[in-house]
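Undergrad: Sending over a structure as structure tokens; questions will come in a sec.
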Amino acid sequence: MLKTIPLPRLFATEHRTVSQIKGPLIFVDRIADVAYNEIVEIISPDNQTRLGQVLEVDQQRCMVRIFLGTSGLGLDRTRVRFTGDVARLGVSLSMLGRVLNGSGQPIDGGPPIIPERSLDINGLPINPSMRTHPSEFIQTGISAIDGLNTLTRGQKLPIFSGAGLPANELAAQIASQARVIGEGAGKHDEPFAVVFAAIGITQRETSFFMDQFHSSNAMDRTVLFVNRADDPSIERLLTPRAALTAAEYLAFTHHRHVLAILTDMTNYCEALREISAASEEVPGRRGYPGYMYSDLASLYERSGRIHGNPGSVTQLIILTMPDDDITHPIPDLTGYITEGQIVLSRDMHRKGVYPPIDVLPSLSRLMNDGIGPNKTRADHRSVADQLYALYAEGRDLRRLVAIIGEGALTAEDRRVLDFAKRFEGKFIGQKRINRDVTETLNAAWDLLTPMPAELLKRIPKEFIEQYHKSGR
Amino acid sequence: MNSSESHVGRVVRIAGPVVRATGLEHVRLYDVVRVGELGLVGEVIHLSDGVTTIQVYEDTSGIRVGEPVHSTGQPLVAQLGPGLLGQVYDGLQRPLESLAKMGGEFIQRGVSASPLPEDFGWEFTPCVSVGDHVNAGDVLGVVSESRTIEHRIMVHPHMCGHVEIIRSGEFNVHETVAVIRLDEEAKGGYIEVTLAQSWPVRQPRPCLSRLAPREPLVTGTRIIDAFFPVAKGGSAIIPGGFGTGKTVTEHSLARWADADVVVYVGCGERGNEMTDVLEEFPKLEDPRTGAPLMERTVLIANTSNMPVAAREASIYTGITIAEYYRDMGYDVLMLADSTSRWGEALREISGRLEEMPGEEGFPAYLGARLAEFYERAGRVICLGSPINPNAHKRIGSVSVVGAVSPPGGDFSEPVTQNSMRVASTFWALDYDLSRRRHFPAINWTNSYSLYDFHDWFERNVAPDWDDLSREAMALLQREVELLEIVKLVGTDALAEPERAVLAIARILREDFLQQSAFGADRYCSIHKAYWMLKTIMDFYRRAQFAMESKVPLERITSLPVVSDIARMKEIEVENVEMEIKTIMDRVQYSFGEL
């Protein structure tokens, strides 16, 4: 749970000098010895305690943001106690299998968690010279990802979704199917854990994920941090930090391979904008604060691998693009930090394609390091390039056909157009089948077979001879 | 820390990385201060009425009002000396590998370590004798820093005098190698010279005079070398949305560009990308010298999750190191990825200072800061006597290539616009090309280079280089116009010669412009680029000629030599001329047949 370690003070200083309450912020006057980012306990008139954090401090007053909202607080009967410490999360291996709220307190009716360590939830940056480059292939069972936008261990990959698109289904499917194969896989089952941070999601989505984890028997290696849509919005700023602190602890202290799922980061950014507006900061694009890039980076960069440490943190981030706009600040800044993106498409979803992944704007920056001989297969890179090239051409032709009709196309063009259709229907639209990477690559060659070998410019001769049916 | 300073300030206000303190007397703008019990590094950015405003380069959590602030009385300096090459620093020039040994995998606050290896003994060979008069920039002696770089120990730019003592042998960076009796006009007195010197990062290092850029920096990337070259001593920017390949392009430049020393600044970018460089560069060979690339590279890694203010400083630390090697007479390439993150750091600090914002919340001085930075690029006559006794001056250069990350890929935003005004080469990366996996995704219609090197190419590559590149560009331009028509009415409506333009332009795009940064094609010498371009343009001319004699286009495009052209990329650099000439002969023969 989120707790504080009191500094060795003779007595806790308590103030009754709240001078202003404004949205999620309170201002406390006539203070002394207050630290920046210190955690504050606020005791409301009805003796309830809530937590806050110092955002700004000078000699006379300090500004505190209250994570659980300010309703019910008054100026005269509210007491403020400065704890002298930053926000910490008590972590332990016994967190696995538990459901916690957005600040890390158990909400599953179980006993409190007895912490092994108490860690600053903001973490510390990993020294770049101590990182190991992610290069182990993670098989997700989804062709559009494994074949074309490969995920590797230690990567951070977001899913850009739109309202009403099945991002959560996809995330749950990946969480239950993900395996490491190839040379990175150990002989025994490697210790694996899922840390799930639900940030402002609905009750329906929460229970969907809980059902998924229970039905795939994954619950005992999962920690859930749940901040629901009706929980205080400022708590959303804590939730991913608490979750990633737990993830780092499990990965780098207990050497687990952790998959951290953060959903939905759009809600996090809304909370960030709310607090920024309340503290009257100069707004950046669309009212989001100018430091949103740094703030998001302080979360997303908490993934990776460390030299000499067998654990890893892989992040799967889900966010909803407002109005499906990929240039909106939330997906835009995320894309600049993460190592690629998986973009869901409303068009494909309408056509009934599942998973509705639009591969053209999707990308995995670490793909090259995770594929190839001993990892997946030697032809993987060139097959992926070829599929991309043909599909991009097919999409162009589709636009052309809409204007001039199919009659004007050459025979070659028609083949490409047909390829694009089969690609979407069979390769991307695999339904809920779990394909291993060999099946994915074979499915790709099935699509390429009707194409004449001369058109497959991106594939070296030897692979054409080996895999292309007409080339044999 | 200097013990003579008597004034200790007190923190009075903390807001993120901006701290205000009182009681710091005699402190000057841009002096480095140590904040709080932890001694966090900070820099004075504003002075008024006894209140000192400080930007702190580390996370300020836990700092209290009333904690002490000490002034070091010095601006932020870079330590310059042998041992820089192959190092990885953070934005304040703290060596990350040493920090890892001290503090583990995560970067702790308030730690520091000496930037240069302290106990390593360098073999110093003097070039001057006792009694010689030396001026600023003169080389006192040399140290072999790596297999390819001779590190020249220079007289500090603000010094001149007579050599009193000069030693030879093995020294670490703190030991005295020479004593100089300063000239009377330079205050007089004696000064001990070590292998290392320091220089304030925000101040450009002086030179005798600046020269016009005359030769291109050959990068090994075909589209850049053939169409949009950057000068040695010039500046270029690479703007592009996420996923368009800014970092991959910068990495390619760092690997293959024809520079003696490369300073790579990862400013607010991904940690794993720096790891990629760190793991790969020691294994790769410099195509010119055969030495591992790491031996000519200095890395500055201030990743996006490291403190914002240090990100602002990282660019200056990088360019100061670049200028230092320039002063030795080397051609240095500095890469900054990404200047937008640096601009955002300025914006964040400015916001915390409650300054009046300019466009999109950026401070009004964004353009001025960017201009100051890009103007530190240049080809110069260095201080000091020439290295080569036959030359009459020492010439060095710093070329700067900055990546820009415009929000939403929209180039109208302030950082891109302000950078465009000062950088002379513009490589526009394009979403559309990257989605088709056309890499490098440099858009040939919006990119430009203001440099004209046709003399150089004529002398060093081939007399017809300029014509070829101009014709090829015209062909690509014609393709753009024709594709507009095709979009409306389809290919069928085009006449045969126009369809030929489309077919050849496609060959040019796929077999020349596209270049994989990972396979055998990742480095393309300028001669190979020339022969490839010549073959394609030759094919184009012959195709036009054949079509005048009513040869149908299908017969031309189905010639077997077309696939030979497509495989030109894979030809080894060594035997490129011979093999490509064979292909050209085959082109000639094929058309003869037709």
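The values are calculated or read from the model by the stated rules, or taken from the named source; none is laboratory data. Bear in mind the structure is a predicted one, so any value in this text is a computation, not a measurement. All Cβ positions, even for glycine, are placed from backbone atoms using ideal geometry, and neighbour counts span all protein chains on display. All accessible areas refer to the heavy atoms of the entire protein, side chains included, with ligands and DNA or RNA removed. Shrake-Rupley method; radii C 1.70, N 1.55, O 1.52, S 1.80 Å.
Undergrad: Could you check residue B:41 against (1) of a type in the set (Val, Ile, Thr); (2) surrounded by fewer than 19 Cβ atoms within 10 Å (Cβ to Cβ); (3) under 28 Å from residue B:195 (Cβ atoms) and say which number it fails?
TA: Unmet condition: (2).
Undergrad: Which condition number does residue B:165 fail, the rest of (1) open to solvent by less than 40 Å² (accessible area, probe 1.4 Å); (2) in a strand (DSSP E or B) being met?
TA: That leaves (1) as the condition not met.
Undergrad: Within region A:77-100, how many residues are more than 13 Å from residue A:195 (Cα to Cα) and not small (Gly, Ala, Ser)?
TA: Within region A:77-100, residues that are more than 13 Å from residue A:195 (Cα to Cα) and not small (Gly, Ala, Ser) number 11.
Undergrad: Regarding residue A:153, is this residue closer than 18 Å to residue A:194 by Cα, of a type in the set (D, E, K, R) and within 14 Å of another protein chain (Cβ to nearest Cβ)?
TA: yes
Undergrad: Is there a residue being assigned to a strand (DSSP E or B), open to solvent by 10 Å² or more (accessible area, probe 1.4 Å) and either more than 21 Å from residue A:268 (Cβ to Cβ) or more than 10 Å from chain B (Cβ to nearest Cβ) (or both) anywhere in region A:33-40?
TA: no
Undergrad: Right, another one. Of the residues that make up region B:319-338, is at least one in contact (Cβ under 8 Å) with a residue 24 or more places away in the chain, assigned to a helix (DSSP H, G or I), closer than 23 Å to residue A:330 by Cα and not assigned by TED's automatic domain parsing to the domain that holds residue B:146?
TA: no
Undergrad: How many residues, within region A:204-220, are in a helix (DSSP H, G or I) and under 18 Å from residue A:170 (Cβ atoms)?
TA: 11
Undergrad: Does at least one position in region B:279-302 carry a residue that is facing another protein chain (nearest Cβ under 10 Å) and open to solvent by 10 Å² or more (accessible area, probe 1.4 Å)?
TA: The answer is yes; a qualifying residue exists.
Undergrad: Considering (1) among the basic types (Lys, Arg); (2) touching a strand residue (DSSP E or B) at 6+ places or on another chain (Cβ under 8 Å); (3) more than 14 Å from every other protein chain (Cβ to nearest Cβ), say which one residue B:369 fails and leave the rest.
TA: The number of the failed condition is (2).
Undergrad: Output yes when any residue across region A:112-133 is over 30 Å from residue A:308 (Cα atoms), of a type in the set (Gly, Ala, Ser) and outside any strand (DSSP E or B), and no when none is.
TA: Within region A:112-133, not a single residue is over 30 Å from residue A:308 (Cα atoms), of a type in the set (Gly, Ala, Ser) and outside any strand (DSSP E or B).
Undergrad: Any residue that is more than 10 Å from chain B (Cβ to nearest Cβ), in contact (Cβ under 8 Å) with a residue 24 or more places away in the chain and crowded, with 19+ Cβ neighbours inside 10 Å - is there at least one of those in region A:295-308?
TA: no
Undergrad: Something else now. Against the definition (open to solvent by less than 30 Å² (accessible area, probe 1.4 Å) and among the polar types (S, T, N, Q)), how does residue A:94 come out, yes or no?
TA: No: the conditions fail for residue A:94.
Undergrad: Taking the criterion of being facing chain B (nearest Cβ under 9 Å), on the phi < 0 side of the Ramachandran plot and modelled with pLDDT under 95, would at least one residue in region A:263-282 satisfy it?
TA: yes
Undergrad: Of the residues B:361, B:409, which is touching a residue at least 24 places away in the same chain (Cβ under 8 Å) and within 9 Å of another protein chain (Cβ to nearest Cβ)?
TA: B:409
Undergrad: Go over the candidates A:144, A:171, A:198 one by one and state the one that is assigned to a strand (DSSP E or B) and in contact (Cβ under 8 Å) with a residue 60 or more places away in the chain.
TA: From the options A:144, A:171, A:198, the qualifying one is A:198.
Undergrad: Still on this structure: Among what's in region B:56-87 and is within 14 Å of residue B:42 (Cβ to Cβ) and in a loop (DSSP other than H, G, I, E, B), pick the residue that is farthest from the other protein chains (Cβ to nearest Cβ).
TA: Looking at the filtered set, the residue picked out is B:76.
Here is a yes/no grid of residues against (1) touching a residue at least 60 places away in the same chain (Cβ under 8 Å); (2) in contact with a Gly (Cβ under 6 Å, 6 or more places away or on another chain):
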| site | (1), (2) |
| --- | --- |
| A:401 | no, no |
| A:416 | no, yes |
| A:422 | no, no |
| A:431 | yes, no |
| A:441 | yes, no |
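Undergrad: State which residue pairs qualify: first residue in contact (Cβ under 8 Å) with a residue 60 or more places away in the chain and inside region B:49-78, second residue among the aromatic types (Phe, Trp, Tyr) and open to solvent by 20 Å² or more (accessible area, probe 1.4 Å) in any location, beta carbons under 6 Å apart, and separation of 6 or more residues or different chains.
TA: Hits for this filter: B:75/B:30.
Undergrad: If you scan region B:395-437, which residues turn out to be assigned to a loop (DSSP other than H, G, I, E, B), of a type outside the set (D, E, K, R) and either open to solvent by 10 Å² or more (accessible area, probe 1.4 Å) or at positive phi (or both)?
TA: Within region B:395-437, B:411, B:412, B:424 meet the criteria.
Undergrad: Name the residue, out of A:459, A:428, that is open to solvent by less than 50 Å² (accessible area, probe 1.4 Å), aliphatic (A, V, I, L, M), within 13 Å of chain B (Cβ to nearest Cβ) and under 18 Å from residue A:388 (Cα atoms).
TA: Testing whether each residue is open to solvent by less than 50 Å² (accessible area, probe 1.4 Å), aliphatic (A, V, I, L, M), within 13 Å of chain B (Cβ to nearest Cβ) and under 18 Å from residue A:388 (Cα atoms) leaves just A:459.
Undergrad: Taking the stated definitions as given, is residue B:305 in a loop (DSSP other than H, G, I, E, B) and closer than 30 Å to residue A:294 by Cα?
TA: yes
Undergrad: When residues of region A:374-398 are filtered for being free of Cβ contacts under 8 Å to residues at least 60 places away in the same chain and farther than 15 Å from residue A:149 by Cβ, how many remain?
TA: 6
Undergrad: I would also like to ask the following. Go through (1) within 14 Å of another protein chain (Cβ to nearest Cβ); (2) surrounded by 24 or more Cβ atoms within 10 Å (Cβ to Cβ); (3) under 18 Å from the mean Cα position of the chain (by Cα) for residue A:122 and report which single condition fails.
TA: It fails just one condition, (2).
Undergrad: May I pose another question? Give the residues of region A:65-79 that are under 28 Å from the mean Cα position of the chain (by Cα) and not in a loop (DSSP other than H, G, I, E, B), sorted by residue number.
TA: A:65, A:66 - these are the residues of region A:65-79 that are under 28 Å from the mean Cα position of the chain (by Cα) and not in a loop (DSSP other than H, G, I, E, B).
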